[in-house]
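This report concerns only the one structure given below.
The values are calculated or read from the model by the stated rules, or taken from the named source; none is laboratory data. Predicted model only: the values in this text are computed from it and were never measured. Glycine also receives a Cβ, built like all others from the backbone with ideal geometry; neighbour counts cover every protein chain displayed.
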Amino acid sequence: MPAMITVHGIPNCDTVKKARAWLAEHGVAHTFHDFRRQGVPEAALDQWLAAAGWEVVINRKGTTWRQLDEATRASVTDAAGARAVALANPSVIKRPVVQWADGRITVGFDAPAWQQRL
């Protein structure tokens, strides 16, 4: 059985919906990991931070980020700070985070880049 693609995110996020629809349209089997219901897998979060960098993984333009208090936002200056905030506030993670069959990680939805992966 080939390695599975895992899409991490929240089901009501528009970008996650687009990404999942795109995968379905292209016949790409994947599993979905819901941050809200299943939590953020800590080992996976560590991989994402290492692979993509905290600046990419943390969505500093979103509503969740803006709703955090100033001290919490100020604590995010490195991967350790980003990790703590992401575990406490999963919606601050830029979505979707995809773990591809080859083990690579992408953050966000980019149809042309995904097309090249297939």
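Scan (1) within 11 Å of the chain's Cα centre (by Cα); (2) of a type in the set (A, V, I, L, M, F, W, C); (3) at pLDDT below 95 for the single condition LEU45 breaks and write down its number.
(3)
Quick one: what pairs do we get from the stretch 100-118, first residue in contact (Cβ under 8 Å) with a residue 24 or more places away in the chain, second acidic (Asp, Glu) and not in a loop (DSSP other than H, G, I, E, B), C-beta under 9 Å, 6+ apart or different chains?
Close Cβ pairs (under 9 Å, with a partner that is acidic (Asp, Glu) and not in a loop (DSSP other than H, G, I, E, B)) do not exist here.
So, in the stretch 76-86, how many residues would count as being surrounded by fewer than 20 Cβ atoms within 10 Å (Cβ to Cβ) and outside any helix (DSSP H, G or I)?
Number satisfying all stated conditions: 2.
Identify the residue in the stretch 102-118 that is out of contact with any helix residue (DSSP H, G or I) (no Cβ under 9 Å at 6 or more places or on another chain) and among the aliphatic types (A, V, I, L, M) and, among all such residues, is farthest from LYS17 (Cα to Cα).
Restricting to residues being out of contact with any helix residue (DSSP H, G or I) (no Cβ under 9 Å at 6 or more places or on another chain) and among the aliphatic types (A, V, I, L, M), the top hit is LEU118.
Yes or no: the stretch 53-68 includes at least one residue that is in contact with a Phe, Trp or Tyr (Cβ under 6 Å, 6 or more places away or on another chain) and of a type in the set (Val, Ile, Thr).
Within the stretch 53-68, one or more residues are in contact with a Phe, Trp or Tyr (Cβ under 6 Å, 6 or more places away or on another chain) and of a type in the set (Val, Ile, Thr).
Counting just the residues of the stretch 87-118 that are touching a strand residue (DSSP E or B) at 6+ places or on another chain (Cβ under 8 Å) and assigned to a loop (DSSP other than H, G, I, E, B), which one comes out nearest to GLN67 (Cα to Cα)?
LYS94
So which residues in the stretch 87-101 are within 12 Å of the chain's Cα centre (by Cα) and exposed (fewer than 12 other Cβ atoms within 10 Å of the Cβ)?
Those that are within 12 Å of the chain's Cα centre (by Cα) and exposed (fewer than 12 other Cβ atoms within 10 Å of the Cβ): none in the stretch 87-101.
Could you grab me the full set of residues in the stretch 13-31 that are in contact (Cβ under 8 Å) with a residue 12 or more places away in the chain and either of a type in the set (Val, Ile, Thr) or surrounded by fewer than 16 Cβ atoms within 10 Å (Cβ to Cβ) (or both)?
Matches in the stretch 13-31: THR15, VAL16, LYS18, TRP22, HIS26, VAL28, ALA29, THR31.
Please determine whether any residue of the stretch 102-109 is at pLDDT 95 or above, within 21 Å of ASN12 (Cβ to Cβ), of a type in the set (Phe, Trp, Tyr) and surrounded by fewer than 19 Cβ atoms within 10 Å (Cβ to Cβ).
No: zero hits.
If you check ILE10 against the conditions, is it surrounded by 15 or more Cβ atoms within 10 Å (Cβ to Cβ) and more than 15 Å from VAL92 (Cβ to Cβ)?
Numbers: surrounded by 15 or more Cβ atoms within 10 Å (Cβ to Cβ): yes; more than 15 Å from VAL92 (Cβ to Cβ): no.
Spelling it out, it is not the case that ILE10 is surrounded by 15 or more Cβ atoms within 10 Å (Cβ to Cβ) and more than 15 Å from VAL92 (Cβ to Cβ).
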